[in-house]
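A quick write-up on the structure given underneath.
The values are calculated or read from the model by the stated rules, or taken from the named source; none is laboratory data. Only a predicted model underlies this, so the values are computations on that prediction, with no experimental measurement involved. Neighbour counts run over all protein chains shown; Cβ positions are idealised from the backbone, glycine included.
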Amino acid sequence: MKIKNTDLVSLFEQSLKDLPQEKLDEIGIVVKVGDNICQVHGLTNAVYNELIEFEGGNKGIVFNLDEESVDIFLLDSNIVVAELETAKRTGSVLKTPVGDAFLGRVINALGEPIDALGEIKPDEIRPIEAAVPSIIERGLVNQSLETGIIAVDSLIPIGRGQRELIIGNRSTGKTAIAIDTILHQKDQDVICIYVSIGLRQTNLARTVRLLEENGALNYTVVISADSSEAVLNQYLAPYVGCTIGEYFRDQGKDVLIIYDDLSNHAIAFREMSLLLRRAPGREAYPGDVFYLHSRLLERAGKISSGGSITALPIIQTQQDDISAYIPTNLISITDGQIILDTKLFNQGIRPAINVELSVSRVGGAAQTKAIKKMTKALRLELAQYHELLDFSQFGTELDQASQRQLERGALAVQILKQAQYTTYSFVEQCLILFALKENFLENIEVKQASNFVTQFANYVKSVYPQEYNTILETQDIDDKIMDKLREIATEFSKLFVPPEDTNKI
Amino acid sequence: MNNKDIIARKYAKAFLNLYEDQISLEDLDNIRKLEHFFASHKKVIFFLSVPNIQTITKEKLLDELFQRFNLKTLLNPLVHLLSNSKRLFLIDNILTHIKLIYKKRNDITRFTITSSHEMPPQDIKIIEKFLACQTNKTIISTYNIDKKLIAGIRLQSDTLLWEYSIGKQCNTLCKQFDLPCFQKS
């Protein structure tokens with residue numbers, strides 16, 4: 001940074017003009033320094049989570065309070081803290097800048113920009129730990145948050161203010177679901193916050209570029225605490241993200257926040273706890289690891305006076321073990337989970353959502369009538385299909401009804417497949433599910449089913465805009481529209497020409 | 001706090017219960033000097049902890065040492081008690097605790113007064129009064145000169161700090177401009 005001489009002189013004069021303060025600062029002396037952690041003797045009145053300033057310019061947060069000393073985690077690993085250095089109390093907890101100017105920006109866990117687009121002028125400075133909304137303040141989750149992913153919106157619907165866990169092994173498309181959801185929020189009046197915890201910088205750069213290319217960065221704030229950063233930053237990042245989300249929520253806006261991922265967050269907290277010599281418990285995590293995530297996710301929710309925070313935390317499992325410590329904790333905290341299956345992913349079913357194990361506990365109330373009508377029996381049909389599919393593996397001869405069920409199930413699985421970065425609006429989803437429900441895919445080859453339904457949705461949109469808009473406005477499909485759609489579907493079936501198989505070329 | 005500290009604290013408390021009113025501020029300063037001596041001469045404590053050496057020899061060493069620091073009369077009963085229970089090696093820890101507990105019980109705080117240039121004693125007295133007024137405690141001060149302050153003074157105890165100096169202002173400016181610290185005091 002280039003410093004102008006005039007700046008320096010004016011600042012110097014200004015600081016000398018200030019009268020000496022009357023009160024004494026409360027300080028402590030650094031007696032022990034470790035890996036991003038130090039022990040300070042003194043600071044007798046320091047409180048838990050208080051921000052401490054070191055004489056050398058570094059800052060830290062109090063994590064342990066002992067009789068004669070406190071343990072402090074350092075915020076900046078690049079500024080050296082030496083033994084016998086003085087540490088001063090600030091009297092406040094760590095605060096982060098928040099504001100509208102953060103939209104479209106990439107920041108670190110301290111709210112500082114890291115995208116080389118200049119400084120961000122904050123509207124407010126807020127403490128990163130805030131009280132969760134009370135029961136009185138909370139409203140019911142009754143408005144749908146569309147993800148644009150047909151399998152999610154139809155079978156595991158997410159409501160605004162819900163906390164839905166995305167869980168799965170590595171490379172099963174967890175982040176892809178989250179990113180698709182962000183991309184789908186374009187023109188939906190939803191502010192998105194993407195918190196990257198302990199991920200590689202290259203992954204984050206790719207995600208940011210993708211959001212930028214799709215015009216999604218304008219309504220998104222990206223918070224990064226990559227794997228190379230200090231564990232404290234990884235620990236703080238989700239709280240900072242949530243604080244920024246709360247700023248928008250308090251303005252009556254709907255916010256979607258993605259924590260990618262909380263397994264790394266728990267690992268960072270475990271590292272901190274072990275360095276603080278706290279007693280390790282199951283899987284060496286400290287006893288308060290549940291509280292770590294519950295206090296974060298409880299801050300999500302819908303406020304009756306307007307505004308909501310929808311949280312999509314991501315958790316990585318090891319070898320499909322959803323009964324490990326952190327996954328079970330998160331499953332119990334959240335209002336449902338989307339479970340991604342490696343087997344399905346390898347079979348080419350993407351998004352690889354295991355619809356039998358995935359659940360949305362409150363999203364049903366937020367689902368639109370139209371989608372509800374179209375998916376009444378879909379979950380059951382899929383369950384029966386998978387059961388029958390296992391049975392058919394034995395080579396048993398199946399009756400006609402069972403064979404029909406198998407064919408129908410295969411079609412359902414096929415239409416639930418969706419390419420990455422392709423999202424469907426709510427009406428398109430209704431039309432796709434309508435084609436399946438009303439058996440218009442019976443004479444279509446399985447591999448052509450996706451083409452048929454997408455073309456059908458586009459056909460209705462372009463040729464019958466009145467019906468399309470009616471569904472969009474009423475969010476329902478009444479009997480009259482249903483009859484009309486049947487007519488349109490019959491008409492389209494005659495017109496449908498399957499595109500040539502490009503693989504043959 | 002380790003076991004050694006816990007035992008030493010108990011001895012210190014017991015000693016102060018009996019002899020607290022006999023300790024003056026001068027004695028406290030001597031105890032501090034002796035504590036520094038032990039910290040910089042670890043071999044003395046090692047000598048006291050070797051079981052082969054006779055207790056009389058150890059006592060003689062301590063007598064000589066206390067004589068030098070003008071603490072012989074005050075600490076003699078403690079040395080006898082420790083030699084009887086063969087715990088002479090705890091003496092440095094006990095002295096530390098005597099100092100800490102005495103300060104706590106009598107509301108005494110030690111401040112280091114640092115200035116950029118030499119100050120007349122009457123100014124130091126004024127500063128002590130200011131500190132006593134701010135802390136409501138009895139103040140013991142040590143005076144230092146530190147050219148790094150450039151101009152001004154710095155008053156520091158274990159838990160409190162007051163500074164008004166050019167050095168501090170320079171450091172604040174460096175922080176504002178994201179530069180490495182100008183000078184650590």
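Take the residues in region B:128-168 that are farther than 20 Å from B:Tyr102 by Cα, of a type in the set (A, V, I, L, M, F, W, C) and more than 12 Å from chain A (Cβ to nearest Cβ); name whichever of them is nearest to the chain's Cα centre (by Cα).
We begin by selecting, within region B:128-168, every residue farther than 20 Å from B:Tyr102 by Cα; these are B:129-130, B:133-134, B:143-155, B:161-168.
Okay, now just the ones that are also of a type in the set (A, V, I, L, M, F, W, C), so B:130, B:133, B:145, B:149-151, B:153, B:155, B:161-162, B:166.
When the remaining residues are screened for being more than 12 Å from chain A (Cβ to nearest Cβ), the result is B:145, B:149.
Values: B:Ile145: 19, B:Leu149: 24 Å.
This residue is B:Ile145.
Could you check region A:436-470 and list, in sequence order, the residues that are of a type in the set (Gly, Ala, Ser) and farther than 17 Å from A:Leu416 by Cβ?
Result: A:Ser462, single match.
Kindly list the number of the only condition in (1) within 12 Å of another protein chain (Cβ to nearest Cβ); (2) within 28 Å of B:His36 (Cα to Cα); (3) surrounded by 17 or more Cβ atoms within 10 Å (Cβ to Cβ) that fails for B:Asn171.
Single failed check for B:Asn171: (2).
In the set A:Ser332, A:Ser358, which member is buried (at least 16 other Cβ atoms within 10 Å of the Cβ) and not assigned by TED's automatic domain parsing to the domain that holds A:Ala410?
On the way: A:Ser332 fails: buried (at least 16 other Cβ atoms within 10 Å of the Cβ).
Among A:Ser332, A:Ser358, only A:Ser358 is buried (at least 16 other Cβ atoms within 10 Å of the Cβ) and not assigned by TED's automatic domain parsing to the domain that holds A:Ala410.
Just for region A:81-111: of the residues that are closer than 16 Å to A:Glu26 by Cβ and of a type in the set (A, V, I, L, M), which one is farthest from the other protein chains (Cβ to nearest Cβ)?
First, the residues of region A:81-111 that are closer than 16 Å to A:Glu26 by Cβ: A:85-93.
Applying the additional criterion that residues be of a type in the set (A, V, I, L, M) yields A:87, A:93.
Numbers: A:Ala87: 10, A:Val93: 20 Å.
Going through the qualifying residues, I end up with A:Val93.
What pairs come out if I take residues in region A:65-78 that are away from chain B (no Cβ under 14 Å) and buried (at least 18 other Cβ atoms within 10 Å of the Cβ) and pair them with residues that are of a type in the set (S, T, N, Q) and in a strand (DSSP E or B) whose C-beta lies under 9 Å away, six or more apart or interchain?
These pairs meet every condition: A:Asp71/A:Gln39; A:Asp71/A:Asn64; A:Ile72/A:Gln39; A:Ile72/A:Asn64.
From the list A:Leu411, A:Leu406, exactly one residue is in a helix (DSSP H, G or I), under 28 Å from A:Phe345 (Cα atoms) and in contact with a Phe, Trp or Tyr (Cβ under 9 Å, 6 or more places away or on another chain). Which is it? Steps first, answer last, please.
Working: A:Leu411 fails: in contact with a Phe, Trp or Tyr (Cβ under 9 Å, 6 or more places away or on another chain).
Testing whether each residue is in a helix (DSSP H, G or I), under 28 Å from A:Phe345 (Cα atoms) and in contact with a Phe, Trp or Tyr (Cβ under 9 Å, 6 or more places away or on another chain) leaves just A:Leu406.
Among the basic types (Lys, Arg), outside the structural domain of A:Ala412 (by TED's automatic domain parsing) and surrounded by fewer than 21 Cβ atoms within 10 Å (Cβ to Cβ): does that describe A:Arg138? Don't jump to the end; show me each part of the working.
Values: among the basic types (Lys, Arg): yes; outside the structural domain of A:Ala412 (by TED's automatic domain parsing): yes; surrounded by fewer than 21 Cβ atoms within 10 Å (Cβ to Cβ): yes.
Considered against the rule, which asks whether it is among the basic types (Lys, Arg), outside the structural domain of A:Ala412 (by TED's automatic domain parsing) and surrounded by fewer than 21 Cβ atoms within 10 Å (Cβ to Cβ), A:Arg138 comes out as yes.
Would you check which residues across region A:225-242 are surrounded by fewer than 24 Cβ atoms within 10 Å (Cβ to Cβ) and under 15 Å from the mean Cα position of the chain (by Cα) and list them?
Scanning region A:225-242 gives a single hit, A:Tyr239.
Residues being free of Cβ contacts under 8 Å to residues at least 40 places away in the same chain and more than 11 Å from chain B (Cβ to nearest Cβ): count how many of those fall in region A:27-46.
So the answer is 1.
B:Ile91 - would you say it is under 30 Å from B:Pro51 (Cα atoms), under 18 Å from the mean Cα position of the chain (by Cα) and surrounded by 15 or more Cβ atoms within 10 Å (Cβ to Cβ)?
Details: under 30 Å from B:Pro51 (Cα atoms): yes; under 18 Å from the mean Cα position of the chain (by Cα): yes; surrounded by 15 or more Cβ atoms within 10 Å (Cβ to Cβ): yes.
Here the answer is yes, as B:Ile91 does meet what is asked.
Tell me, please, whether a residue that is more than 30 Å from B:Glu163 (Cα to Cα) and not assigned by TED's automatic domain parsing to the domain that holds B:Gln156 can be found in region B:27-35. Show your work before the answer.
As a first pass, look at region B:27-35 and keep what is more than 30 Å from B:Glu163 (Cα to Cα): none.
The answer is no; no qualifying residue exists.
Since A:Arg278 meets every condition but one in (1) under 22 Å from A:Tyr194 (Cβ atoms); (2) at pLDDT below 95, which condition does it not meet?
Going through (1) under 22 Å from A:Tyr194 (Cβ atoms); (2) at pLDDT below 95 one by one, A:Arg278 breaks only (1).
Residues are listed down the side, and each one gets a yes or a no for (1) touching a helix residue (DSSP H, G or I) at 6+ places or on another chain (Cβ under 7 Å); (2) outside any loop (DSSP other than H, G, I, E, B):
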position	(1), (2)
A:Ala151	yes, yes
A:Pro157	yes, no
A:Ser171	no, no
A:Thr181	no, yes
A:Lys186	no, no
A:Ile191	yes, yes
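So A:Leu357 ticks every box in (1) part of a helix (DSSP H, G or I); (2) without any contact (Cβ under 8 Å) to a residue 60 or more places away in the chain but one. Which box is left unticked?
Of (1) part of a helix (DSSP H, G or I); (2) without any contact (Cβ under 8 Å) to a residue 60 or more places away in the chain, only one is false for A:Leu357: (1).
Of all residues in region A:79-98, count the ones that are hydrophobic (A, V, I, L, M, F, W, C), surrounded by 18 or more Cβ atoms within 10 Å (Cβ to Cβ) and part of a strand (DSSP E or B). Before the answer, list the steps.
First, the residues of region A:79-98 that are hydrophobic (A, V, I, L, M, F, W, C): A:79-82, A:84, A:87, A:93-94, A:98.
Going one step further and asking which of them are surrounded by 18 or more Cβ atoms within 10 Å (Cβ to Cβ), we end up with A:81, A:87, A:94, A:98.
If we keep only those that are part of a strand (DSSP E or B) as well, we get A:87, A:98.
Here the count works out to 2.
Return only the number of the condition from (1) charged (D, E, K, R); (2) within 30 Å of B:Leu16 (Cα to Cα); (3) free of Cβ contacts under 8 Å to residues at least 24 places away in the same chain; (4) within 14 Å of chain A (Cβ to nearest Cβ) that B:Arg110 does not satisfy.
All conditions pass for B:Arg110, except number (3).
Determine whether region A:444-462 contains at least one residue that is surrounded by fewer than 21 Cβ atoms within 10 Å (Cβ to Cβ), modelled with pLDDT under 90, of a type outside the set (Gly, Ala, Ser) and in a loop (DSSP other than H, G, I, E, B).
yes
Do we find that A:Thr334 is under 21 Å from the mean Cα position of the chain (by Cα) and farther than 30 Å from A:Asn142 by Cβ in this structure? Give the derivation first.
Numbers: under 21 Å from the mean Cα position of the chain (by Cα): yes; farther than 30 Å from A:Asn142 by Cβ: no.
Judged against the criteria, A:Thr334 is not a match.
Please work out if B:Asp5 is assigned to a helix (DSSP H, G or I) and within 14 Å of another protein chain (Cβ to nearest Cβ). Give the steps one after another, and end with the answer.
Working: assigned to a helix (DSSP H, G or I): yes; within 14 Å of another protein chain (Cβ to nearest Cβ): yes.
Here the answer is yes, as B:Asp5 does meet what is asked.
Has region A:480-493 got at least one residue that is outside any helix (DSSP H, G or I) and either out of contact with any strand residue (DSSP E or B) (no Cβ under 8 Å at 6 or more places or on another chain) or not assigned by TED's automatic domain parsing to the domain that holds A:Ala151 (or both)?
Kept after step one, since they are outside any helix (DSSP H, G or I), are these residues of region A:480-493: none.
No, region A:480-493 contains no residue that is outside any helix (DSSP H, G or I) and either out of contact with any strand residue (DSSP E or B) (no Cβ under 8 Å at 6 or more places or on another chain) or not assigned by TED's automatic domain parsing to the domain that holds A:Ala151 (or both).
Of all residues in region A:347-382, count the ones that are farther than 23 Å from A:Lys174 by Cα and β-branched (Val, Ile, Thr).
Number satisfying all stated conditions: 3.
Of (1) within 19 Å of A:Leu378 (Cα to Cα); (2) under 35 Å from the mean Cα position of the chain (by Cα); (3) aliphatic (A, V, I, L, M), A:Met482 satisfies all except one. Which?
So A:Met482 meets the others, but not (2).
Could you pull out every one of the helices (runs of 4 or more DSSP H) wholly within region A:200-313 that has 2 or more residues that are in contact (Cβ under 8 Å) with a residue 12 or more places away in the chain, among the aromatic types (Phe, Trp, Tyr) and closer than 19 Å to A:Leu110 by Cα? Please lay out each step first, then the result.
Details: elements: A:201-213, A:231-250, A:262-275, A:289-297.
Of the helices (runs of 4 or more DSSP H) lying wholly inside region A:200-313, those with at least 2 residues that are in contact (Cβ under 8 Å) with a residue 12 or more places away in the chain, among the aromatic types (Phe, Trp, Tyr) and closer than 19 Å to A:Leu110 by Cα span A:231-250.
If a residue has to be within 16 Å of B:Lys10 (Cβ to Cβ) and in contact (Cβ under 8 Å) with a residue 24 or more places away in the chain to count, how many in region B:48-85 make the cut? I'd like the intermediate steps shown before the answer.
Looking only at region B:48-85, we keep the residues that are within 16 Å of B:Lys10 (Cβ to Cβ), and these are B:77-78, B:81-82, B:84-85.
Next, only the ones that are in contact (Cβ under 8 Å) with a residue 24 or more places away in the chain stay: B:77-78, B:81-82.
Going through region B:48-85 one residue at a time, the tally reaches 4.
Go through region B:1-24 and give me each residue that's over 13 Å from B:Ile94 (Cα atoms) and either surrounded by 12 or more Cβ atoms within 10 Å (Cβ to Cβ) or among the basic types (Lys, Arg) (or both).
Listed by number, the residues that qualify are B:Tyr19, B:Glu20, B:Ile23.
Mind checking which residues of region A:415-427 are more than 15 Å from A:Ala449 (Cβ to Cβ) and not hydrophobic (A, V, I, L, M, F, W, C)?
If the condition is that a residue be more than 15 Å from A:Ala449 (Cβ to Cβ) and not hydrophobic (A, V, I, L, M, F, W, C), then A:Gln420, A:Tyr421, A:Thr422, A:Thr423, A:Ser425 are the ones that fit.
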